1. Quick check on this structure: which one of 200, 140 is closer than 29 Å to residue 49 by Cβ and among the aliphatic types (A, V, I, L, M)?
2. Residues being open to solvent by 10 Å² or more (accessible area, probe 1.4 Å), more than 12 Å from ligand 1 (Cβ to nearest atom) and at pLDDT below 95: count how many of those fall in segment 290-310.
3. Need a quick list: strands (runs of 3 or more DSSP E) entirely within segment 125-209 having at least 1 residues that are β-branched (Val, Ile, Thr).
4. Say whether the condition of being under 27 Å from residue 206 (Cα atoms) and open to solvent by less than 40 Å² (accessible area, probe 1.4 Å) is met by at least one residue in segment 105-112.
5. Look at segment 269-289 and say how many of its residues are open to solvent by less than 20 Å² (accessible area, probe 1.4 Å) and within 16 Å of ligand 1 (Cβ to nearest atom).
6. Would you kindly identify the helices (runs of 4 or more DSSP H) lying entirely within segment 462-544 that contain at least 2 residues that are within 16 Å of ligand 2 (Cβ to nearest atom), more than 20 Å from residue 574 (Cα to Cα) and under 26 Å from the mean Cα position of the chain (by Cα)?
7. Confirm whether residue 485 is open to solvent by 10 Å² or more (accessible area, probe 1.4 Å) and either in contact with a Gly (Cβ under 7 Å, 6 or more places away or on another chain) or closer than 30 Å to residue 8 by Cα (or both).
8. Looking at (1) under 24 Å from residue 134 (Cβ atoms); (2) surrounded by 18 or more Cβ atoms within 10 Å (Cβ to Cβ), can you tell me which one residue 43 breaks?
Amino acid sequence: MSRKLKGIAAARGVAIAPIVHFHATLDHIPTWKVSEDAIEAERARLSGAIAGVTASLLELQRELAGSLGKHDVRIYDAQLAILHDETFRRDVEAEIAQYRVNLEVALQRVIARYEAVFAAMENPAMRERAADLRDIGRQLVGTLLANARQKYTANGADYLFAAEEFLPSDAGILDRAHIRGIVTAHGGKYGHGAILARSLGIPAVVGIEQIMLESSTGTTVVVDGDAGLVILDPTPTELADYERRGREQRAIDRRIAEVRFQPAVTPDGVHVQLLANVEGVRDLDALEVDVISGIGLFRTEFAFMERRQFPTENEQVAMYRRAMEGAKGKPVTFRTLDVGGDKPLGYFRMPEERNPVLGWRGIRLCLDWPDILYTQMRAILRASALGHARILLPMISTRSEVVRCREVLDQLSADLKATGVPFDPQIELGVMVEVPVLVPVLPDVLSVADFVSVGTNDLVQYLLAVDRDNQRVAKMYDPFHPGVLRVLQQIAGMANAAGKSVSICGEIAGDHWFTPILVGLGYRELSMAPVFLPRVKLMLRSFTVAECQDLAARAVAMQSTSAVRKLVQDEIQVRWARQLGAPEETRR
Ligand code: PEP
Ligand code: MG
C-alpha cells in the first residue's frame, strides 16, 4: 500500500527515486532488530564510526588551530575524550546486546541517559558537557548515516534528498547529476531551501513534518512538486501515471525553453530587463549570459555559508572577479552579506534569538561588525575594475544606515585610490526594500542611494507578519494580497519619479503569474533564478503594456487575495494556451 503525505509545493516538476536521509540528528534514526549473530557487526560499525569521527575532529582541530584560541581548540579534546571513553563504549555495546537494538538506537538511548545525568549537575561547567555529548552522538549517527547514504549516492544512481530542512550549504554536497527531488520536514515556499531548490530546477515539496519518521533511506518515493504531494512506496499504477506526467512535463518545458533566445519585449515594443539571481560561484558556470541583461542579485552569503571560516579579502576578490568575468561586461549586483534569520553562519557565533527574523541580520550585523563589511566592500571594489559592479545593501530600515555604508565606501575608495589599486569610482550603491518602514521614507532614502531592489520575499513576510519559513502559516503567505500589490505600486512610483532604477529580486520576479502585474505596476527590471526566465519571457511577450496596466489597476483595486488570483489565472490561462497549445498547470 502506498502512503500519501501532503506538504507545500516548493519547486515544480515530478521526480521518482529512492529517498536518502541527509543530516544526522539523534531524533531521526533508522530502527531495526538485531539478531544474535549480527551483534558483532554492530560492534564493528561502532568502531568504524568512532574512527571516522575521530579523524574528522582531528582534522577540524588542525584546520581551526590558526583562527581559534588554544582554549577553544581544547573543546575538541574534551569531545575526543568522550569518544574514546571505555565506559561509554561498553554501555553502548551492552545496550545492543541486551535489547537487540541497532547501533543508532543504542547511541540515542545511552546518550540520553548520560545527558540527563550531566544536565542535573550543579556545576555549570559539567552541565555544559551534556551539549558535548549530544554533539558527539550527532556526529556518530552522522557518520553511520553517511555510510548508509553512500550506498545510494555513490554508485551514480538517481536519488531524492530528504532532511529536516534543505540548507544553503547542502547545495554544495549534492550530486547535481543524480539528485532528482527534495523533500523536507520544515520550511515554506519562500524560505531559502525552497528558493535554492527552484533555482536548481529540482522538484521539491517542503513542510512534510513526518517525512523523516515515515520513510527511511532506500524507500521509493514520488515527489509531486506541482501538487505538493509525496507518495511513499507508490503502487505500479501510480508509478506509471507519474512517469507519464513527468515525460509530458519535460516535453512542454523543452518548448518553453526555446523562448529564452527571443528578446524580452512586450508585443508593443517595451523592453524589460530580465536579470539573473545567483546563489554562488557554481551558478556562474551554467549562466547563459547572452539571454540575460546582467546579474541582478548575487547572494554573496551563500558562498560564505558553505565554508568553515570567513573568506579572506583575496578569496572574495577572486570570487567576485569570476562573477564579473561571467557577466561579460553586463552589470553585476553584489548584495553584501545577508546572514542571520534563516541563514546562520556556522563559524560566526550568533546569539540565540527569540525572533531571529526580526533580529540581528543583514546590514544590522555588518554595521556592528564593520570588519566584515570593510573586507567585503573592498573586495567588491577591487573586482569592480573588471566591468560594471553594483553594491546592494540588505535589510536597510533607515536612511542613516545607507549614509554609514556610503561613508565606508567613500573611505575605502579613497584608500584604494591612494595606493593605486584599480576600481570603478562610479560604483553604484543601492538598497533593498524589504523592511516595510522603508516604503514611506523611500524618497528620503533615494537621495542617498543610487538604485533600489525590492526583496519581496522578506517584504511580504514583514507586511503580512507571516514567517516565510513556517509551514503552519504558509497558506497565509500570499504575495497576491492586494495590500502587497499596493505597496509595490507605491515603491515603483516613488523610484520612477526620482529617476532611480528599481528592480524586483524576490521570488515573484521569477513567477510568471506575476509578470503582467509587475510590468503594469511600473517595473522594468526583474531579477530571477535563470530557470524561470523562459516562462517569464513568454508572459512578457504575451501582454502589451496597456494590458498589463489594466490588469494591475484591476488587481490593486481588488478586495481579496483569492479575487486577484482568479483574475490573473483567467488572463494567463488564455494566453498560455494560445502560445503553447497546452494548458497551464493548475496552481494552488
Ligand atoms: C528577498 O527578501 O526578497 C530577497 C531577495 O532576499 P532573500 O530571499 O535572500 O532574503
Ligand atoms: Mg531578503
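The values are calculated or read from the model by the stated rules, or taken from the named source; none is laboratory data. Worth saying up front: this structure is predicted, and the values here are computed from it rather than measured. Every residue, glycine among them, receives a Cβ derived from its backbone with ideal geometry; neighbour counts consider all protein chains shown. The protein model used for the area step is the full one, side chains on, heavy atoms only, and it has no ligands, DNA or RNA in it. Shrake-Rupley method; radii C 1.70, N 1.55, O 1.52, S 1.80 Å.
1. Result: 140 is the single residue among 200, 140 that is closer than 29 Å to residue 49 by Cβ and among the aliphatic types (A, V, I, L, M).
2. Selection size over segment 290-310: 8.
3. Details: elements: 159-163, 179-184, 204-206.
Passing ranges, in order: 179-184, 204-206.
4. Looking through segment 105-112, at least one residue is under 27 Å from residue 206 (Cα atoms) and open to solvent by less than 40 Å² (accessible area, probe 1.4 Å).
5. Counting residues in segment 269-289 that are open to solvent by less than 20 Å² (accessible area, probe 1.4 Å) and within 16 Å of ligand 1 (Cβ to nearest atom) gives 7.
6. So the answer is 482-497.
7. No: the conditions fail for residue 485.
8. For residue 43, the exception is condition (2).
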